[in-house]
1. Decide, for the range 228-318, between rounded, prolate and oblate: order the square roots of the alpha carbon gyration tensor eigenvalues as a ≥ b ≥ c, take rounded if a/c falls under 1.5, and otherwise choose prolate if a/b is larger than b/c, else oblate.
2. Of the residues PRO120, PRO209, PRO93, which exhibits the maximal mean-square fluctuation in a Gaussian network model of the chain defined by a 10 Å Cα contact cut-off?
3. Exceeding 30 Å between C-alpha atoms, which entries from my cross-link table qualify? They are LYS204/LYS300; LYS158/LYS294; LYS234/LYS294; LYS127/LYS300; LYS94/LYS127.
4. If I fit a long axis through the Cα atoms of helix 193-205 and take the longest principal axis of the Cα atoms of the chain, what angle between them do I get, 0 to 90°, rounded to 10?
5. Taking a ≥ b ≥ c as the square roots of the Cα gyration tensor eigenvalues, with a/c under 1.5 meaning rounded and otherwise prolate when a/b beats b/c, else oblate, which class fits the chain?
6. For the range 20-75 and the range 93-112, what is the separation of their Cα centres, given in Å?
7. Could you tell me how many degrees, from 0 to 90 and to the nearest 10, lie between the Cα long axis of helix 115-128 and the main elongation axis, the longest principal axis, of the Cα atoms of the chain?
8. Where in the range 13-103 are there trypsin sites (Lys or Arg not before Pro) that are in a DSSP coil and have at most 10 other Cβ atoms within 10 angstrom of their Cβ?
Amino acid sequence: MIPVIVRNMVTEARGIVRLVLGSVDGSALPAFEAGAHIDIKLPSGLTRQYSLCRLQEDAQYYEIAVLKDPQSRGGSAEVHNLSIGDSISISEPKNHFPLVETKRHSVLVAGGIGVTPMLPMAQHLQKMGLPFEFHYCARSPETAAFSSALEASSFADKMHFHYSQVAGSSRMDVVNVLSCHSNDSELYICGPADFINGVLQQAKMLGWPEGRLHREFFAAPALDENVSENTAFKVKIHSTGEVFDVEADQSIFEVLDTNGVFLAVSCESGVCGTCQTGVIDGTPDHRDVFLTDKEHAQGKLVMPCCSRSKTPVLELDL
């Protein structure tokens, strides 16, 4: 982990604060690419992931923006209670939501606080002279972080604001937006789980190939009502042959941790990809939103923090 200091805090919209995090001694922080996020270890011990919301103009600073979410498990409230001068620890940047290296048109779609990874994406695409359009969906300008900055940005002509509670504006016409580029574009989407799932469903119905659908969830959607109740199974460690019981009320990660098998875990809800583990044998019961539908079908990877097993034994590449 890297020690940093909260150098500044700015209210960007209703319930959203932007933090400027600086290195302790003014040295450069690790470089990152658009779409990256960092883990933040808060004073309480909680670890949370937040997207880096601007490309680095000064190498000693990172910026994140955090919505104070009443549905959160405490992390966002604790971030909002930080003060300028506080010390926290962060990870090096990780990128599970990168821009694809292509000259194809890019369609950026942000729902609410999902704008955070989209802003550096737009900055990069504009800098490289690549074609794109940016759709920002929110209730109103007062709840939309960076709306004024985006309106005045160098790519303002590529911005489309969709405000559901503003007269003269409206919700994004998903079918119209996606049907214009279904054969020649990459789609990037971030926001609430239901918002993402709705857009992705429309994209698939319009014939978008899954390989051109890129998404990042901030929180896992509620489990489908059709998902069966948890049942017990066994997890086997390939390197040692050890077998452990996973009860119906336990996660694979909890059992591994109890038995001294180290596995890096962060979000504990199948969102961030930190705990991604290979599967040697058995069929995972996927509960994550990180892996693609194709990866779910292949069954070669699993997220032990939340997923389970459809077979009596799940053998992991550990």
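Quick note: the coordinates plus some simple rules give every number you see, no bench work behind them. As the structure is a computational prediction, the values presented were derived from the model and not from experiment. Cβ: placed from backbone, ideal geometry, glycine included. Neighbour counts: every protein chain shown.
1. Rounded, since a/c falls under 1.5.
2. In this elastic network of the chain, the residue with the biggest mean-square fluctuation among PRO120, PRO209, PRO93 is PRO209.
3. Violating the 30 Å limit, Cα to Cα: LYS158/LYS294; LYS127/LYS300.
4. The helix 193-205 is inclined about 90 degrees to the chain.
5. oblate
6. What the calculation gives is 19 Å, centre to centre.
7. 60
8. LYS103
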